[in-house]
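S.K.: Below you will find the structure I want to go over with you.
The values are calculated or read from the model by the stated rules, or taken from the named source; none is laboratory data. These numbers come from a predicted model, not from an experiment. Counting neighbours? That spans all protein chains shown, and the Cβs are built from the backbone with ideal geometry, glycine included. Note: accessible area is taken over every heavy atom of the protein model, side chains too, but ligands, DNA and RNA are not part of it. Shrake-Rupley method; radii C 1.70, N 1.55, O 1.52, S 1.80 Å.
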Amino acid sequence: MSKTKKKKTVSTGSHPDWRKAPENALDNLSEEELGSLFGTIKAPLELGRKPGTLTIAMIVKNESANIRDAIKSFRPIADEIVVFDTGSTDGTQGILTELGVRWQQGEWRNDFAWARNQSIEMAASAWVLWMDADDRIPEKQYDNFRKLKTAPLDRAFGFQVINTQGGLPYGARFMQLRMFPNHPALRFRYRIHEQLLHSVALLGLHTFFTDTTILHTGYEDPQLKKAKAKRNLLLLEEEPERVRKEPSLGMSVGDSYYILGEWDKGIQAYKDTLAMPNCEKINRDIFRELPCCIGRGYHKSDRRAEALEWYDRSIALQPAKHEPYFYKAECLLELNRPAEAEAIYAKLIGMPVSHSTTTNQFDIIQIYSRYHLARFAHERGDLTGAAARLETLNAEYPEVIEAWHLLGRCQLALGQEQKALESWTRAIGLNPLAIPELHGQRMALLRRLGLKEEFELSGQKARALYPQASFPVWNSGPNLSLCMIVKDEKSNLPACLDSVQGMADEIIVVDTGSQDGTQDIARKYGARVVQSNWEGDFAKARNLSLAQAKGRWIIWLDADDRLLPEDKAAIRKLAE
């Protein structure tokens, strides 16, 4: 846990009621000025409630698809769960009754703070934790919450909220104040992007931002995400004065436009926020984040030179934040500057997670930075180095399908056929639809290993998924062999082998004395390389390659040959 730094002592006297405070009393305070109010409380609050108890307070509307899973994940830590329903018509209320959850019928006033405060009024425990129906508490976090319930009532707790992607905790993460004593002065303000921080400051509570994690599943559905963005824009239009002076709301306008794909409007909203009087003083995290957001809009609009300028500006402001580096590397790759991108990816994998009130994409950035580094090594022919990087990546993030696929390719090229089979089996098991060509590659490997029963079973599954596709058929050996003779073809061979990927069951390359790394390139593509001296006889060299073939059919190519996708498919079909 880390405590916010106490700037100075400010007496808050008796516990003030937020409803009696001037509406704009704390709105324009800087982070330092607001921070100076935290931690000034003299003794724990006396609430007259049972110590060590926790109420989870929720507001919901039409959450029948989510509410069961939410309640199930909350129950192990909650002494009670209360719900303020703002007008559900989809059976949510019936589910709550069935689950024995106390709920109250309300109305929706286009005001999140008001609705949240109604749910808090229902709470009977010493502590309140606010949650939404698309939040989940992971089982491994239960003990953390149980311990926090026993803390003195002189503090509030913030947690790391992580957006899920595909059900996995790899999305954007940010810190958010969530748990606080059940005191009448602790209530939310503002109709959208409601804030608890001001009332916590007025009471002088200590604030602790912990490593305890809450998962947020609400952005899994792109259409729902867009609907929320449209809703937020409508609500923000109702508070133009706040939008003009509060960085968090100005940033929210830009965020919403980006979700809707309206890049120019988003860029302008971010620039307006950056130009806000006292933006940096009011919210330093947002001020430092805005250049990266602007750069992202230019990047998405294919204005990469401008994007790079804004990414560099963001890096200068927040050198410990991952996003501007990562997006800059993405941009450099698109500009065909891979060496510069690779240096950035190497830096990123050594950077620790950064904690901020703005979102960060730590896990996604770690995954793709490591994957790109492995891919670069693979492209250079460093199969052992690429495999080592991928094994490290898969140990920490075992759900990355592309990493298992590339690892299998490395292992196959290194002659580790059984390991390649295991890697490709793992990739298909994670998502059979993710990489269509992987089914055929795995079937070809099964045939090479003589595993007929598994081959037939795999074929049945693959054809069920892709009834129009062609897949390998079983025979005593490979069906189609690609035979080549080469010498110093580093500049030609990759494009040739890229154009025939997935066509042949085996590739035989007779090398007649290359000195430029051609053999390593061939092995990277899974070819069996046969070394031979050049004797001034093309037929002899060509026949040597044919003699190595095990397929029922043979096709021979040169390194400067290329196949169109439709021709590759036609050849494969003929061979089968």
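S.K.: Near G91, within a Cβ-to-Cβ distance under 14 Å, what is the net charge of the other residues, with Lys and Arg +1 and Asp and Glu -1?
M.R.: With Lys, Arg at +1 and Asp, Glu at -1, the neighbours total -2.
S.K.: Among bridges DSSP assigns within the chain, what percent are antiparallel (round to 5)?
M.R.: Expressed as a percentage, antiparallel bridges in the chain total about 30.
S.K.: Ordered by residue, what ³J(HN,Hα) values in Hz, to whole numbers, does region 514-527 give under the Karplus form 6.51 cos²θ - 1.76 cosθ + 1.60, where θ = phi - 60° and Gly and Pro are x?
M.R.: For region 514-527, the Karplus-derived couplings read 5, 10, 10, x, 4, 4, 5, 4, 4, 5, 4, 8, x, 6 Hz, x marking Gly and Pro.
S.K.: Check the straight Cα-Cα distances from K265 and name the lysines below 19 Å, setting aside those fewer than 8 residues away within the same chain.
M.R.: Within the straight-line limit of under 19 Å, K265 reaches these lysines: K225, K226, K228, K230, K245, K300.
S.K.: When ligands, DNA and RNA are left out and all protein chains stay put, how many square angstrom of accessible area per residue does the chain have with a 1.4 Å probe?
M.R.: Heavy-atom SASA per residue in the chain reads 46 Å².
S.K.: Equivalent ellipsoid semi-axes for the chain, as square roots of 5 times the alpha carbon gyration tensor eigenvalues: give them largest first, rounded to whole Å.
M.R.: 58, 27, 20
S.K.: Leaving ligands, DNA and RNA out of it, report the carbon-plus-sulfur percent of the accessible area of the chain at a 1.4 Å probe.
M.R.: 50
S.K.: Run down the lysines and flag those whose C-alpha is under 22 Å from the C-alpha of K573, throwing out any fewer than 8 positions away in its chain.
M.R.: K452, K461, K550
S.K.: On to the next question. Got a number for the accessible area of S491? Probe 1.4 Å, square angstrom, nearest 10.
M.R.: Roughly 100 Å² of S491 is accessible to a 1.4 Å probe.
S.K.: Hey, another quick one. Please list, by residue number, every one of the GluC sites (Glu not before Pro) in region 499-568 that is coil in DSSP and has at most 15 other beta-carbon atoms within 10 Å.
M.R.: E535
S.K.: Hey, for a label at E396 modelled as a point 7 Å past Cα toward Cβ, could you say which residues of region 323-357 have their backbone N under 13 Å away?
M.R.: Residues 346-354 qualify, since their backbone N sits under 13 Å from the label point.
S.K.: Looking at the P(r) of region 258-332, how many percent of alpha-carbon pairs lie beyond 18 Å?
M.R.: 36
S.K.: Next question. Once the cut-off is 24 Å, how many percent of the Cα-Cα pairs in region 394-548 end up in the long-distance tail?
M.R.: 38
S.K.: Follow-up. Report D for region 499-576 in µm² per second (integer): Stokes-Einstein, Kirkwood Rh on Cα pairs, 10 °C, 1.306 mPa s.
M.R.: 117
S.K.: Rounded to whole Hz and in sequence order, give me ³J(HN,Hα) for region 406-418 from the Karplus expression 6.51 cos²θ - 1.76 cosθ + 1.60, θ = phi - 60°, writing x for Gly and Pro.
M.R.: In residue order, the calculated couplings are 5, 4, x, 5, 4, 5, 5, 5, 8, x, 9, 5, 5 Hz.
S.K.: Under the rule of at least 5 residues apart or a separate chain, name every residue whose amide H is placed under 5 Å from the amide H of V530.
M.R.: Close amide H contacts, sequence-distant or interchain: V509, V510, D511.
S.K.: Further question on the same structure: Hey, any idea what the orientation-averaged projected area of the convex hull of region 336-412's Cα atoms comes to, in nm²?
M.R.: Its Cα hull, projected and averaged over all orientations, spans 5.7 nm².
S.K.: Return the sequence-ordered ³J(HN,Hα) values of region 329-334 in whole Hz as given by the Karplus equation 6.51 cos²θ - 1.76 cosθ + 1.60 applied to θ = phi - 60°, using x for Gly and Pro.
M.R.: 4, 4, 5, 5, 4, 5
S.K.: Counting helices only, and only those DSSP H runs with n ≥ 4, report the 222 nm mean residue ellipticity of the chain as the sum of -39,500 (n - 2.57) divided by its residues, in deg cm²/dmol to the nearest 500.
M.R.: -14000 deg cm²/dmol
S.K.: Note the direction-averaged projected area, equal to a quarter of the hull surface, for the Cα convex hull of region 292-349, in nm².
M.R.: So the Cα hull casts an average projection of 3.4 nm².
S.K.: Return P(r) of region 148-221 (all Cα-Cα pairs; 5 Å bins starting at 0; whole %; ordered from short to long distances).
M.R.: The percentages, shortest bin first, are 3, 15, 21, 21, 17, 12, 8, 2, 0.
S.K.: Considering only the other residues whose Cβ falls under 12 Å of the Cβ of A229, what net charge follows from Lys and Arg at +1 and Asp and Glu at -1?
M.R.: It works out to a net charge of +4.
S.K.: Ranked by accessible surface with a 1.4 Å probe, highest first, in what order do K140, K573 come?
M.R.: Ranked list, largest accessible area first: K140, K573.
S.K.: For the charge dipole of region 426-576, defined by +1 on Lys and Arg C-beta atoms and -1 on Asp and Glu C-beta atoms about the Cα centroid, which residue among L546, S470, V529 has the Cα displaced farthest towards the positive pole?
M.R.: Checking the options against the dipole of region 426-576, the answer is S470.
S.K.: Please list, in chain and number order, the residues 5+ apart from K149 or on another chain whose amide H is under 5 Å from its amide H, with Hs placed from the backbone.
M.R.: Amide H neighbours of K149: none.
S.K.: Further question: How big is the Cα convex hull of region 264-303 in projection, averaged over all directions, in nm²?
M.R.: Its average projected convex-hull area is 2.5 nm².
S.K.: Could you list which residues have their amide H under 5 Å from that of I214, counting only those 5 or more apart in sequence or on another chain, with H placed in the peptide plane?
M.R.: When sequence neighbours closer than 5 places are left aside, the close amide H contacts are Q160, V161, I162.
S.K.: Just how much of L317 is accessible, in Å², when a 1.4 Å probe is used and the result is rounded to the nearest 10?
M.R.: 60
S.K.: Taking each pair of different alpha-carbon atoms in region 37-137 once, compute 1/r for the pair, average those values, and report the inverse of that mean as the Kirkwood hydrodynamic radius in Å to one decimal.
M.R.: 14.3
S.K.: Would you work out the charge dipole size for the chain about its Cα centre, treating the Cβ of every Lys and Arg as +1 and the Cβ of every Asp and Glu as -1, and quote it to the nearest 20 debye?
M.R.: Charge dipole of the chain: 1240 debye, to the nearest 20.
S.K.: Using the charge dipole of the chain (Lys, Arg: +1 at Cβ; Asp, Glu: -1 at Cβ; taken about the Cα centre), state which of T92, L317, Q361 has its Cα farthest towards the positive end.
M.R.: T92
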